[in-house]
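What follows draws every value from the coordinates through simple rules; no lab data is involved. Worth saying up front: this structure is predicted, and the values here are computed from it rather than measured. Note that we place each Cβ from the backbone using ideal geometry, even for glycine, and neighbour counts take in every protein chain shown.
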Amino acid sequence: MSAPSIETIVNLSKRRGFVFPASEIYGGLSSAWDFGPLGVELANNIKNAWWRWLVHERDDIEGIDTCIIQNRLVWKYSGHEATFNDPLVDCRTCKGRFRYDKLHEYHCPRESSTCVGKGKECDLTEPRQFNLMFKTTVGAVSAEDDPSALVYLRPETAQGIFINFKNVLDTTRRKLPFGIAQIGKSFRNEVTPGNFIFRTREFEQMEMEYFCHPKDAAKIHQEWIDAFLQWFKDLGISEKNLKLHEQTPDELAHYAVRCVDILYRFFPERPDEKAQFDELMGIANRTDYDLRQHSKKAVDEHGNRINPDSTEDLSYFDPVTQERFYPYCIEPAAGVNRTVLAVMMDAYSEKMSERGEKRVILKLKASLAPIKVAVLPLAKNKPEIVSMAKAIKKDLMKDFRTVYDDTAGIGKLYARQDEIGTPFCVTVDHQSLEDNAVTVRDRDTWEQDRINVSQLGEYLRKRLKEK
């Protein structure tokens, strides 16, 4: 089958409880989404896979969890207060508001076949800058009454890592190179969010800052590009739907000397193959920009103090070389929402049943599947079968995320579990009462094995590792 559209995933998500529109009973909120029972499990499994790979399975990365609201000076010296902007234009004809640098992605409401700015009636204003940070206040005063009360919701998790560089260094006694990882919510007042959970104003990031000697930065940067490309493949995402994009000088952030984006084919319905791909994550060489900006001793090229408000110097002293310097930082930054979307799109498949009915199968990697095993009684009106099924479910719960379901006939139960990505269904039938065996059905092949209950746990552990 052809690749699914985002709209196909939207329908599946709402129908099966992966993602719901936020504030839906009040008409919703533009580009805001809630993870449902299955969505939160999938997202958590992705985050756990990321954390386990970086923090638990390596010996050079520490974890951290920093505040969403920081001192306003953090955003002043990071550059966000002055430069974290999008260029906006308004169309005097259709009254729409658009990002100037993304005009090619929009279609003119008056000329549906052409992009904004190219329609016969388009009349765009000059671009103006719009800061993306959400403002709020701390304390019982307004920002108008007391400017020091103004704070921002963080637009990225990275700055919380940079301002804790010395804390982590001092408490863990780390030596370069080493990394600091964080998963958490960020907020950006996007002008034109959309495409389901692809671009939202509230989102969760998986970010890691890897600190190293400047001379090693280029090599380490490429190693992380290769490593994360492989990580997405290990999540089950097809290589044909991934590609790398080397950012041009015009695309680079002011702090980066190089940034490579990993792209995913989020928009397979677009006729232009290049337009089918968009950013899944970015991996940037941020140089020593951030540590310098937050350091009280750092000076610019003219010898002027960069940050008179800081209380700490975030330079690093190498006890072997007796050298003091500001480390370079390699930053792999991925969004949880976009990873969830890419994983679901890549896992989506359709198959015809023997009756000629189209069935949806979400072929998730077993480690990511929200539910690993579903236990199904063939006859819910027979107490002995129900009792046996519930006992099996209780036993399997110790090792796997397991559910019991008797709300439909066995065919519909199988179809439901296929659609939400459950790798295996265990069916208890009349014969089970006699031979103490159950039928185990494979999600992807629909093949069935008869397994004794005493061997069921071991069988499932082995099969789940293979998926």
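Under a Cβ-Cβ cut-off of 10 Å, what is the net charge of the residues other than S238 that fall near it, where Lys and Arg count +1 and Asp and Glu count -1? Don't skip to the end; give the middle numbers.
Values: positive: K233, K240, R265; negative: E239, D346.
Neighbourhood net charge equals +1.
Please get the size of the charge dipole for the chain, origin at its Cα centre, with Cβ charges of +1 on Lys and Arg and -1 on Asp and Glu, quoted in debye to the nearest 20.
It works out to roughly 980 debye.
Equivalent-ellipsoid semi-axes (√(5λ), Cα gyration tensor) for region 377-436, whole Å, largest first?
18, 15, 9
Where does region 153-202 land on Rg/Rh, using Cα atoms and the Kirkwood Rh?
Numbers: Rg = 15.2 Å, Rh = 13.1 Å.
Reported Rg/Rh (Cα atoms, Kirkwood Rh): 1.16.
For E223 paired with N167, estimate the spin-label separation in nm (one decimal), with each label point 7 Å from Cα along the Cα-to-Cβ line.
2.8
Taking a label point 7 Å from the Cα of M397 along the Cα→Cβ vector, which residues of region 40-56 have an amide N closer than 16 Å to it?
Label zone hits: none.
Starting from the Cα-Cα distance between A379 and S23, subtract it from 0.36 nm times their residue separation and give me the gain in nm to one decimal.
That works out to 124.3 nm of additional length.
What share of the DSSP beta bridges in region 371-466 is antiparallel, in percent to the nearest 5?
Antiparallel bridges: around 55 percent, rounded to the nearest 5.
Farthest toward the dipole's positive end in the chain, which of F187, I25, G119, given Cβ charges of +1 (Lys, Arg) and -1 (Asp, Glu) about the Cα centre?
I25
Using θ = phi - 60° and the Karplus form 6.51 cos²θ - 1.76 cosθ + 1.60, what ³J(HN,Hα) does each residue of region 249-264 get, whole Hz, x for Gly and Pro?
For region 249-264, the Karplus curve yields x, 6, 8, 5, 5, 4, 8, 9, 9, 7, 8, 10, 9, 8, 9, 10 Hz.
Return the calculated 222 nm mean residue ellipticity for the chain, to the nearest 500 deg cm²/dmol, obtained by summing -39500 (n - 2.57) across DSSP H runs with n ≥ 4 and dividing by the residue count.
Details: 14 runs with 132 residues, N = 467.
The helix-only estimate for the chain comes to -8000 deg cm²/dmol at 222 nm.
In 20 Å bins starting at 0, how do the alpha-carbon pair distances of the chain split up by percent?
Going out from 0 Å in 20 Å bins, the chain shows 20, 47, 27, 5, 0 percent.
Which residue, A379, C94, Y328, has the largest displacement toward the positive end of the dipole of the chain when charges sit on each Cβ (Lys, Arg +1; Asp, Glu -1)?
Comparing the listed Cα positions along the dipole, A379 ranks first.
How much length is gained on full extension from V386 to H56, taking 0.36 nm per residue of separation minus their Cα-Cα distance? Could the numbers behind the result be given before it?
On the way: separation 330, 0.36 × 330 = 118.80 nm, distance 4.03 nm.
Using 0.36 nm per residue and subtracting the Cα-Cα distance, I get 114.8 nm.
What translational D, rounded to a whole number of µm²/s, comes out for region 1-131 from Stokes-Einstein when the hydrodynamic radius is the Kirkwood one over Cα pairs, at 4 °C and 1.567 mPa s?
67
For region 306-311, what does the Karplus curve 6.51 cos²θ - 1.76 cosθ + 1.60, with θ = phi - 60°, yield as ³J(HN,Hα) per residue in whole Hz, taken in order and with x for Gly and Pro?
Rounded to whole hertz, the list is 6, 9, x, 8, 6, 9.
Please report the Cα spread of region 288-327 along all three principal axes, rounded to whole Å, starting with the longest.
So the three principal-axis extents are 30, 21, 13 Å.
Pairs of Cα atoms under 8 Å, at least six residues apart: use those to get the relative contact order of the chain, whole percent.
Here the relative contact order equals 13 percent.
Just to check I understand the Karplus step: with θ = phi - 60° and J = 6.51 cos²θ - 1.76 cosθ + 1.60, what whole-Hz values come out for region 346-363, glycine and proline as x?
Values per residue, Gly and Pro as x: 6, 7, 5, 8, 10, 8, 8, 7, 4, 8, x, 9, 6, 10, 8, 10, 9, 7 Hz.
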